[in-house]
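Chemist: Here you go, one structure.
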Amino acid sequence: MTANLPQSPAKPETSMGTRVRNLLIVMVAIALTVSLFLGMRTQTDTATLTELAENSTPLEVAMSNGKPTLMEFYANWCTTCQAMAKDMGELEQEYAEQVNFVMLNVDNDKWLPEITRYRVDGIPHFVFFGKDGTEIAQTIGEQPRTIMAANLAALVAGEELPHAKTTGQTSKFEAPVSAKKSASEDPRSHGAQVVN
């Protein structure tokens, strides 16, 4: 036995109520889209490797201007270098007047003599130089900001670096035996451009 319950008639939504609800949904969607778009475009103060390299002191200037120098061997693909970029940018701002910051990209064959001289086999690789351009110490791999700051403070003061031989996580790097030469640089290729 089923009881016949009286069914209440469904109230149709008024067209005005539907319009208000749809308008609210559209407004919320627009607001979320705008906030998401603006949130993704917000510039941060975090330094990137490219910005650090662009702002770095040229090696020739750093070795002759009478200020201590921190030279960093890096690569844009190096995740450890990328992880340290924010801290290095902050340290560079803090010590900009007192220390030269030099960035040498290991993917650039121009720096092969320096890569070989300082035995770079992992990056980031840091070399500290005194005011007279003499090498004081090297550290390899990811370094906490506090360790880098302590080393820079000692470098500026002309004191022994407290963390002179620290090693952290690195990205492996193997220096090429010699710089790559293009065919146009090879003196034997002069005839290759002559067409009969």
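Chemist: What FRET efficiency would be calculated for the residue pair residue 134, residue 97, taking the C-beta separation as r and a Förster radius of 25 Å, to the nearest 0.05?
Modeler: Given R0 = 25 Å and the Cβ-Cβ separation, E is 0.70.
Chemist: Short version: ³J(HN,Hα) in whole Hz for each residue of segment 75-89, in order, from phi by Karplus 6.51 cos²θ - 1.76 cosθ + 1.60 (θ = phi - 60°), x for Gly and Pro, what are they?
Modeler: Each residue's phi maps through the Karplus curve to give 8, 5, 7, 6, 5, 5, 4, 4, 5, 8, 4, 4, 4, 5, x Hz.
Chemist: On full extension of the chain, what length is gained from residue 24 through residue 107, given 0.36 nm per residue of separation minus the C-alpha to C-alpha distance?
Modeler: Between residue 24 and residue 107, full extension yields 24.5 nm more.
Chemist: Let me make sure I get this right: for segment 66-141, a, b and c are the square roots of the gyration tensor eigenvalues over alpha carbons, sorted descending. Under 1.5 in a/c it's rounded, otherwise prolate if a/b > b/c, else oblate. Which is it?
Modeler: Note, shape of segment 66-141 comes out oblate.
Chemist: Same structure, new question: Using θ = phi - 60° and the Karplus curve 6.51 cos²θ - 1.76 cosθ + 1.60, what whole-Hz ³J(HN,Hα) does each residue of segment 47-59 get, with Gly and Pro shown as x?
Modeler: These are the phi-based 3J(HN,Hα) values: 6, 10, 4, 4, 5, 4, 5, 5, 8, 6, 6, x, 3 Hz.
Chemist: Same structure, new question: Students often check this: by mean Cβ neighbours within 10 Å, which of 81-91, 157-167 ranks highest, and how do the rest follow?
Modeler: Details: 81-91: 19.0, 157-167: 12.5.
Packing order, densest peptide first, comes out as 81-91, 157-167.
Chemist: Right, next: Mind running the shape call on segment 12-159? Use the C-alpha gyration tensor, a ≥ b ≥ c as the square roots of the eigenvalues: rounded below 1.5 for a/c, prolate if a/b tops b/c, oblate otherwise.
Modeler: Prolate, since a/c reaches 1.5 and a/b exceeds b/c.
Read the figures in this text as sums done on the coordinates, not as results from a lab. Every value quoted in this text rests on a predicted model; they were computed, and no experiment measured them. Glycine also receives a Cβ, built like all others from the backbone with ideal geometry; neighbour counts cover every protein chain displayed.
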